[in-house]
Amino acid sequence: MIKAILIDIEGTTSPISFVKEVLFPYSKQKLQTYLKENLDKKHVQTIIQSIKEEIGRDLSIAEIVNILKDWIDKDQKITPLKELQGLIWEEGFKTGTLKAPIYKDAYEKMKEWKQKGYKLYIYSSGSTKAQKLFFSHTEYGDILSLFDGHFDTKIGNKKDPNSYKKISKEIGLKPEEILFLSDNPQEIEASAKAGMKAIRIVRKNDATWLEDFAYPQTNSFKHINPQNY
Ligand SMILES: [Mg+2]
């Protein structure tokens, strides 16, 4: 019997395009203003210092902005850039400029499942801090209270069955009492290997239906009834 539902974000509750088409351009466009407005803040000073260390010389703010824009274009995962983007997005969400998109069927079903007594958990490669920021500023308002807990890759890789075993332990349920929802076929396989029930979510704009896939697939949360698993 299913008692908890573990849910992925990108391609599952929300469109994959949000990160590439909204968040990245937003951070790029806001870089200069954010740095200038927060230059006196200690954490911003620390970020600037690490960029100078990364490049190996003193840099003007204009040079720093250009370096950061270049890193964003090349999708470089450099720590000071990630930290700065995190701060810019945080400000964007908190001021209401950014709103996290949630597929309507996902929002409605999660609300229904919660009311029926299922525990809901998130497992995403985005940090738990970013997940909380995301769900507290959505198109449907602050929906963070729907969730009983959050997991990120600190618990392990999403394609490794061990991560799902660890999550079961952490939640305090047997793997077979947990239903996992994700668009990624390898994540579905890994969770099923760990003993969880798994359903692959296939959103029209995010993924394609797989022929001969060993696990159930659906294009909407609407068709999922945890009682059937
Ligand atoms: Mg995904």
Next item on the list: Go through the range 146-183 and give me each residue that's away from the ligand (no atom under 16 Å from the Cβ) and part of a strand (DSSP E or B).
Entry: GLY149, ILE178
Check: Just to be sure, is LYS204 under 18 Å from ASP105 (Cα atoms) and in a helix (DSSP H, G or I)?
Finding: no
Margin query: Suppose we filter LEU6, LEU31 for residues that are assigned to a strand (DSSP E or B) and either closer than 19 Å to ALA130 by Cα or more than 16 Å from the ligand (Cβ to nearest atom) (or both); which single one remains?
Written below: LEU6
Checklist line | Only listed residue being at pLDDT 95 or above, of a type outside the set (Asp, Glu) and touching a His at 6+ places or on another chain (Cβ under 8 Å), chosen from LEU120, LEU98, LEU59, LEU144 | finding: LEU98
Notebook entry, point to check: Quick check: is even one residue across the range 94-106 closer than 26 Å to GLU177 by Cβ, within 16 Å of the ligand (Cβ to nearest atom) and outside any helix (DSSP H, G or I)?
Noted result: yes
Margin query: Any residue in the range 139-159 that is in the same structural domain as TYR103 (by TED's automatic domain parsing) and hydroxyl-bearing (Ser, Thr, Tyr) sitting within a Cβ distance under 8 Å of a residue that is assigned to a loop (DSSP other than H, G, I, E, B) and modelled with pLDDT of 95 or more? List the pairs, counting only those 6 or more apart or interchain.
Written below: TYR140/ILE102
Check: If you scan the range 27-78, which residues turn out to be among the aromatic types (Phe, Trp, Tyr) and free of Cβ contacts under 8 Å to residues at least 12 places away in the same chain?
Finding: TRP71
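The values are calculated or read from the model by the stated rules, or taken from the named source; none is laboratory data. Values in this document were obtained by computation on a predicted structure and should not be read as measured data. Cβ coordinates were reconstructed from backbone atoms using ideal geometry, including for glycine residues, and neighbour counts include every protein chain displayed.
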